[in-house]
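Here is the structure we will look at.
The values are calculated or read from the model by the stated rules, or taken from the named source; none is laboratory data. This structure is a prediction, so every number in the text was calculated from the model and none was measured. Heads up, the Cβs are rebuilt from the backbone with ideal geometry, glycines too, and the neighbour counts pull from every protein chain shown. Please note that ligands, DNA and RNA were not included when accessible areas were found on the heavy atoms of the full protein model with its side chains. Shrake-Rupley method; radii C 1.70, N 1.55, O 1.52, S 1.80 Å.
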Number of protein chains: 2
Amino acid sequence: VRLTGGDRNTPVPARFEVVPQIDTPALVVDLDQLQRNIDSMADATRAAGIALRPHAKTHKSSDIARLQLAAGAVGLTVATLGEAEIFAKAGFDDLFVAYPVWPSRSAVARLHALSERVRIRVGVDSDAGLSKLADVGVAVLIELDCGQHRSGIPPHDVVRLGRACERAGLEVSGVFTHAGHSYAGPEAVARAARDEVEAVAAAVCALERAGLEVTVASAGSTPTALLSATGPVNESRPGTYVFNDRQQLALGVCELDRVAAYVAATVVSNNVDGRFVIDAGSKALAGDHPPLLEGFGSLPGWDDAVVTALSEHHGTVREPASGGPRVGDTVAVVPNHICTVVNLFDRFVVVGGGELAGTWPVTARGR
Amino acid sequence: VRLTGGDRNTPVPARFEVVPQIDTPALVVDLDQLQRNIDSMADATRAAGIALRPHAKTHKSSDIARLQLAAGAVGLTVATLGEAEIFAKAGFDDLFVAYPVWPSRSAVARLHALSERVRIRVGVDSDAGLSKLADVGVAVLIELDCGQHRSGIPPHDVVRLGRACERAGLEVSGVFTHAGHSYAGPEAVARAARDEVEAVAAAVCALERAGLEVTVASAGSTPTALLSATGPVNESRPGTYVFNDRQQLALGVCELDRVAAYVAATVVSNNVDGRFVIDAGSKALAGDHPPLLEGFGSLPGWDDAVVTALSEHHGTVREPASGGPRVGDTVAVVPNHICTVVNLFDRFVVVGGGELAGTWPVTARGR
């Protein structure tokens, strides 16, 4: 057997020293860095004078959502009715489903049940189904397409949809947008943030001219949150900032010392020159592969050690020229996209001060 | 709003007509086709005179595993100790962990507990940790690298590792290999199957010459199972065949009428020319993206409708030139890789004879 193991090539923050008694693969969150990330975004949005409504699809955790509200968040953003149900049950009473929810018979019944317990609003981006939403009595936010060209309407179309909502008897709270095109690369972030502000400004201006009131003007993802906290924007919805990930590192949004979560893995095989195999594959690291990034994850401290291929339970890692870890060693892997990784695990292993502090359930996993 | 909805472009098997009362996104399995797939592989391996030990990582379902054993499977293959524990608890008493399990303190304790209840064997591919496995008393199979160059040892090295097992007091049941390189494309499948047979034959011959007994000579994935059921190979471990998926279609392993599972989704947005958006994103379709395939899924019956981009909760689909479905319509999506999709859902929605027949839990999800 080839055991090329050596020492780490470069020093890393102590939290990437995997606590050895963890069963791998595991999703580890560093409590101290998590709290710093939560506080830092709360402080920055407060300083900008806008509301923070963090997106809970990143963590799906009522424990982490509680920390966010304690730091000053006004409520939660969620992506699905399933997430809304889980967070409503956990006591969160102000939820925005930032998604064009289709009012199927089942969705209408679920929205109705939710609206009796909590304040719930949903997104709309077409006049199909408006009357069914009106029957439930929820308020809506109109989704604007600011450049990702996925969902949402062009800002110039907002009055038409606003009037359609009015005719259907639907209360419009305002508008929201998501600059998913910021993920194209570091050079795209500032432009995408401006796109958010411009789309929101155009829509708010048009609605107000038409005599339609706008209470909420919502934008902001982790890359753009602080850049788009300006003009008429009065709410931000970042999600990933609580943990950060390899994509945020590549976008220049943060440095490694802001990464608060990783996947702990064990080296299980090392028979092929130039590579070794860890027990974290696509069922632990997720298959997200933005063009911006080589491979599926990186190993802090092991220079050039990138997860170059994923099978379901095997991650193939490029071995550093100066030596990699040994078979049986545990390593920390920073995944490309933490949101889809969290959705693979039933629990977080929580570490504080370098010690195991317990586990938290991924409360809304799979919802 | 643009409603370009039209009729399906081409007819498809009736099971791809989504039962309308399903909450989407949902993982749907067609019971009739599932049973046909299970029977067909069982019949084929029986006819070839080899044992079938299907890989349960595909379905992670004790319900489906029971159908496989009822059709003649000799036991189950699993990928992790977590899966082994779930299937042992569900009453399956002959399990092979086809993975180089690292004998950490926790893994040793878990293996020990398993070995007291069921017959359990694991893979090895290095002499690191052999003595700890020997302490547990489990038997092992030596993993051979037949060309994927991931885990496993070259066949010419098998006697050395066999002797090391012997010295450590470990019982070697035989050898196993996995031709993951068959997934490169349809032209790679037959060659990869030959690689399996050649690697197994070389290893079995070398071990027997050295006086080491070989009971199990195991190969076979869904693409190669029937092609490698020859020579000294006496056991096959296919997994995906129960459902099939878009990757198997692209490899030429099956036709659409053998696909027994899909993701049911709802069209939620259609504001951008040439595309529409469904409520199945990377948290429902998984991010697997083999170079062989364009995009992340296809919609049977809607010509050219490929899921070209995934966000977490949005799938962006190319709209057929002749018209796509309407906002609010439900569609069936055949995902690239069903194994990682199953691992995202807590339950299968089971359909039989075009009617909802209930749900099955994904018993070992996340293990």
- Message: For chain B, give me the percentage of DSSP beta bridges that are antiparallel, rounded to the nearest 5 percent.
- Response: 45 percent
- Message: Relative contact order for the range B:4-77: what percent, with Cα pairs under 8 Å and sequence separation of 6 or more?
- Response: 28 percent
- Among the residues of the range A:285-326, which ones have their accessible area go down by 10 Å² or more when all the protein chains sit together, as opposed to their chain alone (1.4 Å probe)? A:287, A:288, A:311, A:312, A:313, A:314, A:316
- What is the Cα centroid distance between the range A:80-95 and the range A:165-185, reported in whole angstrom? 20 Å
- Plugging the Cβ-Cβ distance of residue B:90 and residue B:187 into 1/(1 + (r/R0)^6) at R0 = 41 Å yields, to the nearest 0.05, a FRET efficiency of 0.55
- Which of the lysines could a cross-linker span from residue A:60 if the Cα-Cα distance has to be under 18 Å and same-chain partners fewer than 8 positions apart are dropped? A:89, A:283, B:283
- Mind listing the label-point distances from residue B:256 to the same position on all other copies, shortest first, one decimal in nm, points 7 Å along Cα→Cβ? 4.9
- Note on the structure: Whole-percent carbon and sulfur contribution to the accessible surface of the protein assembly as shown (1.4 Å, no ligands, DNA or RNA) stands at 50 percent
- Query: Can you list, shortest first in nanometers, how far residue A:294 lies from the same residue in the other copies, with each label 7 Å from Cα toward Cβ?
  - Reply: 2.9
- Query: Normalised by the residues of the range A:229-294, what does the relative contact order come to in percent, with Cα pairs under 8 Å and at least six apart?
  - Reply: 24 percent
- Item | Label 7 Å beyond Cα on the Cβ vector: residue B:352 copy-to-copy distances, nm | 5.0
- Restricting to the protein assembly as shown, compute how many DSSP beta bridges are antiparallel as a %, nearest 5. 45 percent
- Task: With runs of 4+ DSSP H residues as the only contributors, calculate the mean residue ellipticity of the protein assembly as shown at 222 nm using -39,500 (n - 2.57) per run, divided by the residue total and rounded to the nearest 500.
- Result: -8500 deg cm²/dmol
- Which residue of chain A is nearest the rotation axis onto chain B, counting by its Cβ, and what is the distance in whole Å? A:287, 2
- Taking H placed 1.01 Å from N in the peptide plane, check which residues at least 5 places from residue A:215 or on another chain put their amide H under 5 Å from its amide H. A:174
- Among the helices of chain B (complete DSSP H runs), which have Cα atoms covering no less than 18 Å along the helix axis and a Kyte-Doolittle mean of at least -1.0? B:31-48, B:186-209
- Item | Interface burial for A against B (accessible surface, 1.4 Å probe, total of both chains, Å², rounded to 100) | 4300 Å²
- How high is the relative contact order of chain A, given as a whole-number percent (alpha carbon pairs under 8 Å, six or more residues apart)? 22 percent
- Message: Before I look further, what does the protein assembly as shown give for accessible area per residue, probe 1.4 Å, in whole square angstrom?
- Response: 35 Å²
- Task: Check each residue of the range A:96-112 and keep those whose accessible area, probe 1.4 Å, is at least 50 Å² smaller with all protein chains in place than in the chain alone; give them in order of residue number.
- Result: A:99, A:102
